[in-house]
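This report refers to the structure that appears directly beneath it.
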Amino acid sequence: MASGAGGAEGAEDPQSLMTASVLLESLLELSEKPDLARKLQRLLPHIMGELPDVDDELRIKALMILSNVMGHLPREEASPIAVGLVQDIQPLFDGGCSRLRELSIRLIWLLLESVFGRDRRRMRSKTWDLLLPLFFHMSDQSRSVAEASRGALLAAATLLEWEELRRLLETRQMWRVAECLLERSRKRAQRYLHQSLRYLQDAQVPLQEAAVRFIGLAARPLRGKSPWKLQQICRGEEGAAAGGMLLATEGLIPLSLDHSSGSAAG
């Protein structure tokens, strides 16, 4: 399998794709055997290097290999590897087919539960950025993805020792989860507000709607106090014009400020 700059070029070549598929299929078969799976751990960086440059089918095979290898490793070996993998897996949550989303989220779940000792502290620092994407994917149109997201978010809450969040997830009080995330700290709430804008343009309508509700909740402290600040946030690179229109619809900013709606002039 090619890597680096040549990976993208090779991924467009049908022969290269076929070769990569056969190789991954062989590695997948090996990874299902515990004694052989441990020997494959040195190949994990190479497999990860392929993920950005291949199609969903090959990504799915690669994720299955990663899950098998991590699942067969002793915890003391899996723990430091898990910390290194987690941020590379997160981009696979969004887009792609439902099977890819589910496998990537289930792998994150496994990684969060694999760490112990000093690695728990290292993993916690990387876990905060996972919370909002996992929360939104609890609204995924695929039920299996939604359930995987809830499980992974529960694993994150356990790792962070966040008892309130864990309790709300266990009792399935989903929209109180949003409030819980925002109440943790004002600084993180502002970050979540910006992070959520990209989901206004997600291909899935349920995730767009979840983002609108979350942004509305996050923006409440600014309602009537700083409408121009809300407009500025919604016209960020990720939110584009859709953000202003959606928040205007929700009544969070005046339509007169939402120039994208065409109401400003009238």
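The values are calculated or read from the model by the stated rules, or taken from the named source; none is laboratory data. From a predicted model like this one, the values you see are computed outputs, not experimental measurements. All Cβ positions, even for glycine, are placed from backbone atoms using ideal geometry, and neighbour counts span all protein chains on display. The accessibility values were calculated without ligands, DNA or RNA, using every heavy atom of the protein model including side chains. Shrake-Rupley method; radii C 1.70, N 1.55, O 1.52, S 1.80 Å.
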Each label sits 7 Å from Cα toward the beta-carbon; between Asp88 and Glu29 the label points are separated, in nm, by 2.5 nm
Heavy-atom accessible area of Lys39, protein chains in place, probe 1.4 angstrom, given in Å² to nearest 10, is 130 Å²
Projected convex hull area of segment 91-145, Cα atoms, direction-averaged, in nm², equals 3.7 nm²
For segment 12-65, the per residue accessible area (1.4 Å probe, Å²) is 58 Å²
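Which peptide among 90-96, 132-138 comes first, and what is the full order, when sorted by highest mean count of other Cβ atoms within 10 Å?
Order by mean packing, descending: 132-138, 90-96.
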Per-residue accessible area, 1.4 Å probe, largest first, puts His194, His72, His46 in the order His46, His194, His72
From most to least accessible, 1.4 Å probe, no ligand or DNA/RNA atoms counted, Met18, Met123 line up as Met18, Met123
Of Arg106, Arg124, Arg42, ordered by accessible area with the largest first and a 1.4 Å probe, the sequence is Arg42, Arg106, Arg124
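Tell me, what % of the accessible area of segment 1-160 is carbon and sulfur with a 1.4 angstrom probe? List each step's numbers first, then the result.
Values: 3810 of 7340 Å².
About 52 percent, which is the carbon plus sulfur part of the accessible surface.
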